[in-house]
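Working notes, structure below.
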Amino acid sequence: MINQFVITTQRDAQGRFAVIHTDGYINNLAGERIGEEANTLLAEGFRRIVINMAKSTVINSIGISILIEVIEKMQEIDGTLAFCNLTKTIAKTFTIMGLAQYALIYDNEQEAVRGVLE
């Protein structure tokens, strides 16, 4: 099976937030791409980031560890990170592993954007 992982990013025209859309299995390579994209957004001055995982239904432990690194970077700059459209399994995993304590989790993108702007 070939992993066709795709990231698309939407930037708010006023620079208030950005949304990273993931599509595919989040393994070490995909996790690194998410981390790189988050670093790019931080370098551009974005401090509120939403990661929409509607099209990513599986994540492995290395992918999670890279997301933890993104959370740590966001904490260092007093930024806000939110995840949305998680499968029940991923949401439960994020809660068990403690990611839900340090990042916001929403059912959909609209709620997540509203949440990071509050």
Residues with amide H under 5 Å from that of ALA82, placed H, sequence gap 5 or more: ILE49, VAL50, ILE51, LEU104
Rel. contact order, % - alpha carbon contacts under 8 angstrom, at least six apart, the chain: 25
Nearest 10 degrees, 0 to 90: helix 28-43 Cα axis against the chain principal axis: 0
Rounded to 5, percent antiparallel among DSSP beta bridges of the chain: 30
Rounded tilt (10° steps) of 88-97 against the dominant C-alpha axis of the chain: 70
Backbone HN-Hα couplings from phi across the range 75-85 [Karplus 6.51/-1.76/1.60, Hz, Gly and Pro as x]: 5, 4, 9, 6, x, 10, 10, 10, 10, 9, 6
Those residues of the range 3-19 whose amide nitrogen sits under 14 Å from the label point placed on THR89, 7 Å along Cα→Cβ: none
Stokes-Einstein diffusion coefficient of the range 6-117, Kirkwood radius over Cα pairs, 20 °C, 1.002 mPa s, in µm²/s: 158
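None of the figures in this text is laboratory data; all of them are computed from the coordinates on show. Quantities reported herein were computed from a predicted structural model and do not represent experimental measurements. All Cβ positions, even for glycine, are placed from backbone atoms using ideal geometry, and neighbour counts span all protein chains on display.
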